[in-house]
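Undergrad: What follows is a structure written as structure tokens; I'll ask about it next.
The values are calculated or read from the model by the stated rules, or taken from the named source; none is laboratory data. Here the structure is a predicted model, which is why all the values come from computation and not from measurement. With ideal geometry, Cβ positions are generated from the backbone for all residues, glycine too; neighbour counts draw on all protein chains shown.
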2 protein chains.
Amino acid sequence: MEKFDGATLLGLVAAVLTTSSFVPQLVRTWRLRETKDISLWMFLLIGAGIFLWMVYGFLIRDLPVIAANMVSFVLVSLILYLKIKYR
Amino acid sequence: MEKFDGATLLGLVAAVLTTSSFVPQLVRTWRLRETKDISLWMFLLIGAGIFLWMVYGFLIRDLPVIAANMVSFVLVSLILYLKIKYR
């Protein structure tokens, strides 16, 4: 793991933003119980991609990439579950 | 830029998956012209985050991070445009 520098800090802010972006979608889907306007393919592809990003983060030992994608994967999985449940 | 190794290849596959994930959502929103079930906050946050990821990619000179986020930013901006247009 590299030293905690400015670039890592920026990466962590980016990580917090992209990861937290799935929270309002999860809350909205949970409340509305409607998913017609959401693309199943979007969340299948982004879920698979996020999983690979996480593996990539471990390979390049990059903290922001690992942390962001680990949490995002859980959130996207929950949105996918609701999308399939309320399709 | 580091050499083109296995980790970079995996990163590029991850990049293609997460970036291409926005295409089916864009197509769906374009066709349906309905965005009720989509969270505006999700796409605002992910757009801001993707922009910072792109800057981060330049700082750490990481090809997959730069490429993925550059294309994703355009796609997310288009989805945001449609979300605001058909809110």
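Undergrad: Counting just the residues of the stretch A:36-46 that are surrounded by fewer than 20 Cβ atoms within 10 Å (Cβ to Cβ) and in contact (Cβ under 8 Å) with a residue 12 or more places away in the chain, which one comes out farthest from residue B:65 (Cα to Cα)?
TA: Step one: filter the stretch A:36-46 for residues surrounded by fewer than 20 Cβ atoms within 10 Å (Cβ to Cβ), giving A:36-37, A:40-41, A:44.
Narrowing the set further to residues that are in contact (Cβ under 8 Å) with a residue 12 or more places away in the chain leaves A:40, A:44.
Values: A:40: 24, A:44: 20 Å.
The qualifying residue farthest from residue B:65 (Cα to Cα) is A:40.
Undergrad: Name every residue in the stretch B:31-57 that is facing another protein chain (nearest Cβ under 7 Å) and outside any helix (DSSP H, G or I), in order of residue number. Steps first, please.
TA: The initial filter retains those residues of the stretch B:31-57 that are facing another protein chain (nearest Cβ under 7 Å), namely B:32, B:34-39, B:41-42, B:45-46, B:48-50, B:52-53, B:55-56.
B:34, B:35, B:36, B:37, B:38, B:39, listed by residue number.
Undergrad: How many residues are more than 7 Å from every other protein chain (Cβ to nearest Cβ) and surrounded by fewer than 21 Cβ atoms within 10 Å (Cβ to Cβ) if we restrict to the stretch A:6-30?
TA: Adding up the residues that qualify gives 9.
Undergrad: Looking at B:47, B:57 in this structure, which one is within 11 Å of the chain's Cα centre (by Cα) and of a type outside the set (Lys, Arg)?
TA: Details: B:57 fails: within 11 Å of the chain's Cα centre (by Cα).
Unique residue meeting the criteria: B:47.
Undergrad: Taking into account only those residues within the stretch B:72-82 that are closer than 26 Å to residue A:62 by Cα and crowded, with 19+ Cβ neighbours inside 10 Å, which is farthest from the other protein chains (Cβ to nearest Cβ)?
TA: Initial filter on the stretch B:72-82 (closer than 26 Å to residue A:62 by Cα): B:72-76.
Those left that are additionally crowded, with 19+ Cβ neighbours inside 10 Å: B:72-73, B:76.
Numbers: B:72: 9, B:73: 11, B:76: 10 Å.
Checking each candidate, the answer is B:73.
Undergrad: Out of curiosity, is residue B:66 under 20 Å from residue A:80 (Cβ atoms), touching a residue at least 12 places away in the same chain (Cβ under 8 Å), more than 7 Å from chain A (Cβ to nearest Cβ) and in a helix (DSSP H, G or I)? Talk me through it step by step, then tell me what you get.
TA: Values: under 20 Å from residue A:80 (Cβ atoms): no; touching a residue at least 12 places away in the same chain (Cβ under 8 Å): yes; more than 7 Å from chain A (Cβ to nearest Cβ): yes; in a helix (DSSP H, G or I): yes.
Spelling it out, it is not the case that residue B:66 is under 20 Å from residue A:80 (Cβ atoms), touching a residue at least 12 places away in the same chain (Cβ under 8 Å), more than 7 Å from chain A (Cβ to nearest Cβ) and in a helix (DSSP H, G or I).
Undergrad: I need the full set of residues from the stretch B:1-57 which are out of contact with any Lys or Arg (no Cβ under 7 Å at 6 or more places or on another chain), at pLDDT 90 or above and of a type in the set (D, E, K, R), in order please.
TA: B:28, B:31, B:33, B:34, B:36
Undergrad: Just to be sure, is residue B:61 assigned to a loop (DSSP other than H, G, I, E, B), out of contact with any helix residue (DSSP H, G or I) (no Cβ under 6 Å at 6 or more places or on another chain), more than 7 Å from chain A (Cβ to nearest Cβ) and among the charged types (D, E, K, R)? If you could, list the steps in order and put the result at the bottom.
TA: Details: assigned to a loop (DSSP other than H, G, I, E, B): yes; out of contact with any helix residue (DSSP H, G or I) (no Cβ under 6 Å at 6 or more places or on another chain): yes; more than 7 Å from chain A (Cβ to nearest Cβ): yes; among the charged types (D, E, K, R): yes.
Yes.
Undergrad: Listed residues B:17, B:63, B:40, B:82; which is among the hydrophobic types (A, V, I, L, M, F, W, C) and touching a Gly at 6+ places or on another chain (Cβ under 7 Å)?
TA: Numbers: B:63 fails: touching a Gly at 6+ places or on another chain (Cβ under 7 Å); B:40 fails: touching a Gly at 6+ places or on another chain (Cβ under 7 Å); B:82 fails: touching a Gly at 6+ places or on another chain (Cβ under 7 Å).
None of the other options fit; the residue is B:17.
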